[in-house]
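The values are calculated or read from the model by the stated rules, or taken from the named source; none is laboratory data. Because the structure is predicted, anything quoted here is derived from the model rather than measured. Every residue, glycine among them, receives a Cβ derived from its backbone with ideal geometry; neighbour counts consider all protein chains shown.
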Amino acid sequence: MLLNLEKPIVFFDLETTGVNVGKDHIVEICLYKVNPDQTTEQYIQRIRPAYADGRTIHIPEATTAIHGITDADVADKPTFRQAAPEIAAFIGKADLAGYNSNKFDVPMLVEEFLRCGHHFDLKCRRLIDVQNIFHKMEQRTLKAAYRFYCGKNLDHAHTADADTLATYEVLMAQLDRYKDSEYTAADGTVSKPVVNNIEQLSRFTSNSQWADLVGHIGYDDQHREVFNFGKYKGKTLENIFGTEPAYYDWMMKADFPLSTKECITEVWKRRQAKKIQDLKLHFGSSE
């Protein structure tokens, strides 16, 4: 099958220093253009992430573990500001397509263009996010899972007894289907995690990067609690509670889940205990 095109479309993917569009930067860009006559062109360029004054931005080790790109790999590469003209020229007025691109790659690309004063117009482009097609056509509901794994229709869906028993049957079917299947984690580790062992299944299905139950609070690469939302996203709770203690009070009074409030309270108490200990050490040493 050939794509029915009125104008070129560029499939693209970005590797970055992180996932925060407002502060992170591109370290590699790949563009694959398909023209209406079905000819194709490709552009691949590694990018040295840099501030406006040209100073290099460090690629966090945790991010390098995912895409394998280090500071040394981009030391002699152009910054986005330097590469922007040829990137813009290659894309031209083409439409854009990617995987999870509407939520991340497109905003990140536009952000980088804006940082160097280049207006990248989206109004003239159509955006295709392949992940959205996948998620909408292959629904991730229990009813869809029951049909996929068990080959049966789930009658009386959204009643507690039917959904509970269906969940049990789906797990049993998953254990059978994936008993010898390999899974490759983000760090490249390969395992066979879907086994008939509750502890291992728990580890595989848990949200290990969440400090609370809903993901408002996460962990950084040093396993310190950090905000996953708002103006302090990516900042540690201890630092923010130290410089702006009123933020803790606001969170406790706001409509956050109790599990989140328990989490931040633990951090608050830990910080207060450390503060008291530091005062004792200070005054003890001054005697």
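Among the residues of the range 135-186, count how many are over 21 Å from residue 203 (Cα atoms), modelled with pLDDT under 90, under 28 Å from the mean Cα position of the chain (by Cα) and of a type in the set (A, V, I, L, M).
Of the residues in that region, 1 qualify.
Mind listing whichever residues of the range 269-287 are among the small types (Gly, Ala, Ser), at pLDDT below 85 and in a helix (DSSP H, G or I)?
Across the range 269-287, the qualifying residues are 284, 285.
Just to be sure before I move on: is residue 21 under 28 Å from residue 187 (Cβ atoms), crowded, with 16+ Cβ neighbours inside 10 Å and at pLDDT below 95 in the structure I sent?
So residue 21 fits the description; yes.
Residues are listed down the side, and each one gets a yes or a no for (1) closer than 30 Å to residue 174 by Cβ; (2) touching a residue at least 12 places away in the same chain (Cβ under 8 Å); (3) in a loop (DSSP other than H, G, I, E, B):
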| position | (1), (2), (3) |
| --- | --- |
| 194 | yes, yes, yes |
| 212 | yes, yes, yes |
| 230 | no, no, yes |
| 249 | no, no, no |
| 256 | no, yes, yes |
| 264 | no, yes, no |
| 267 | no, yes, no |
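Determine which single condition residue 209 fails, assuming it passes every other condition in (1) modelled with pLDDT of 85 or more; (2) in contact with a strand residue (DSSP E or B) (Cβ under 7 Å, 6 or more places away or on another chain); (3) not hydroxyl-bearing (Ser, Thr, Tyr).
(1)
Could you please let me know if residue 29 is part of a loop (DSSP other than H, G, I, E, B), surrounded by 16 or more Cβ atoms within 10 Å (Cβ to Cβ) and in the same structural domain as residue 123 (by TED's automatic domain parsing)?
no
Here's the yes/no breakdown for (1) farther than 22 Å from residue 110 by Cβ; (2) among the charged types (D, E, K, R):
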{"site": "25", "(1), (2)": "no, no"}
{"site": "29", "(1), (2)": "no, no"}
{"site": "35", "(1), (2)": "yes, no"}
{"site": "39", "(1), (2)": "yes, no"}
{"site": "54", "(1), (2)": "no, no"}
{"site": "63", "(1), (2)": "no, no"}
{"site": "68", "(1), (2)": "yes, no"}
{"site": "71", "(1), (2)": "yes, yes"}
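Does residue 68 count as without any contact (Cβ under 8 Å) to a residue 40 or more places away in the chain, under 17 Å from the mean Cα position of the chain (by Cα) and not assigned by TED's automatic domain parsing to the domain that holds residue 221?
Here the answer is yes, as residue 68 does meet what is asked.
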